[in-house]
1. Could you please state how large a percent of the accessible area of the stretch 227-370 is carbon and sulfur, counting protein chains only and using a 1.4 Å probe?
2. I'd like to compare 192-201, 308-317: which one has the highest average count of other Cβ atoms within 10 Å, and what's the full order after that?
3. Considering Cα pairs under 8 angstrom that are at least six residues apart, work out the relative contact order of the stretch 89-156 and quote it in whole percent.
4. Ratio of alpha-carbon Rg to the 2.2 N^0.38 Å globular estimate for the stretch 285-435, to two decimals, please.
5. Could you run the Karplus curve 6.51 cos²θ - 1.76 cosθ + 1.60 with θ = phi - 60° over the stretch 306-318 and give me ³J(HN,Hα) per residue in whole Hz, x for Gly and Pro?
6. Roll a 1.4 Å probe over the protein chains and send me the accessible area per residue for the stretch 237-305 in Å².
7. Full-extension gain between N386 and D359, please, as 0.36 nm times their residue separation minus the C-alpha to C-alpha distance.
8. Provide the gained length on full extension for the span Q369 to R166, in nm with one decimal, where the gain is 0.36 nm per separating residue minus the Cα-Cα distance.
Amino acid sequence: MGRDWEAACARVVDVKAAGRTGHIRSIATITVFRADVSHQSQRRPGALALLAVLAALAATLLAPRAAGAETGGAGQVEGGGNISNTAFDRQGMWVWYVSHSEGGSVGAIIARAKRFDIGTVYIKAGDGGGTWSQFNSSLVTALHRGGLDVCAWQFVYGDNPVAEARVGAAAVKKGADCLVIDAEADYEGKYAAADRYIRALRARIGEAFPLSLAGFPYVDYHPSFPYSVFFGPGGATYNQPQMYWKTIGTSVRTVYEHTYLFNRIWGHPIYPIGQTYEGPGSASLRLFRRFAASFGGLPPSWWDWQETSGTEWGALGAASALRPVAGYRQAVIHPLLKRKSEGDMVVWAQEHLVAAGADLPVTGLFGRQTAAAVRAFKEAHGLPANGVIDTETWNALLTLIPYRVRWAGVRARPGASASRARPASRPPSASLPARAYEIGR
């Protein structure tokens, strides 16, 4: 996913000539930082397309959906509570341009999806404050009739968050089964915009509508990104990190271990997004699926349809890839935070400490006052009384609903006292630079 410089519509373009800008990717070399962790015991169709749709419907409508077989998922998420039967719980494929996916033939899309165990299609519905005409109720209805779930995704920048919220809500109104927020480098440091966007979006789609964030996988690389807002109270309740191991330049195993280490703390089920672009190879795709089974059993989705080769499709449909990796056991640990730590993970910890009763400013900077609040919290919960947030401390903190900072502020009424001035629009840590852009920017 990523920034699209083309006009906000689904017209046919030459992708290579346009400079591919789907999910962000980079060919530049990056530096991988060692994680600091707490170690414990471990178009409307023409006549031919319409006939294809009818043929696909005849083959699929009578067959009941076997959700368990299609997802390969477990009923319990290793770090995010019980899952519900949503569109996220089927293996998915991302569509950037419908016109570049099976030539825009809805019937062919349905047929290929059914053949290779794809239950959900993620279709781009908007970019910034503009809607994409390719996502429409007719398309959604046809795909539903073909037995597929349909999720809308929108790329957001934070420059006009209320307009972006309207775009997301419009996709929901057109029949989307879920909505995905693709927020990346443009949103770094924009806490007020994220707050305004989430509040405006939830006001339009409701608190219970399935909403996910598809963002950078390596949280520790992006200390100023407002994960705490997107995943906080009222925000997204599903997590879809873009785990493009080949683009990052790492192994499938490492991308899982690094991503999950820093994403468990958000407390939402993690549905990994893998890559079929850049020719990762069928063996790697099967291994990615098997690691998904080892890390909680939630099904992956893939970026993207138009760049998936025939052999790669075969790997996505291979039943053998649903088995966990033999002999592998993940270590369920959380990031270690201590004096001089900084960034959005500290924001998240501070919001939980405030919820526990600490009189503490939310700054994203782990200083003396935060250390004292941690020490008091641990003592009250029967943990070693020190100022370090380790896995056991996170486990205790994450039982609380975090304090929700109103970064967007509330406009003071005319004549209000100076004491009711608007609060800070972002924490001091929001000015920190990214350590690296693992999937580009």
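The values are calculated or read from the model by the stated rules, or taken from the named source; none is laboratory data. Everything numeric in this text was worked out from a predicted model, so none of it was measured. A quick note on method: Cβ atoms are made from the backbone with ideal geometry, for glycine too, and the neighbour counts reach across all protein chains shown. Just the protein is used for accessible areas: all its heavy atoms, side chains included, with ligands, DNA and RNA removed. Shrake-Rupley method; radii C 1.70, N 1.55, O 1.52, S 1.80 Å.
1. 51 percent
2. Output ranking for 192-201, 308-317: 192-201, 308-317.
3. With pairs under 8 Å counted, the relative contact order is 36 percent.
4. The value comes to 1.49.
5. 5, 10, 9, 7, x, 5, 5, 4, x, 5, 6, x, 6
6. Averaged over the residues of the stretch 237-305, the accessible area is 21 Å².
7. Full extension from N386 to D359 adds 7.9 nm.
8. 69.1 nm
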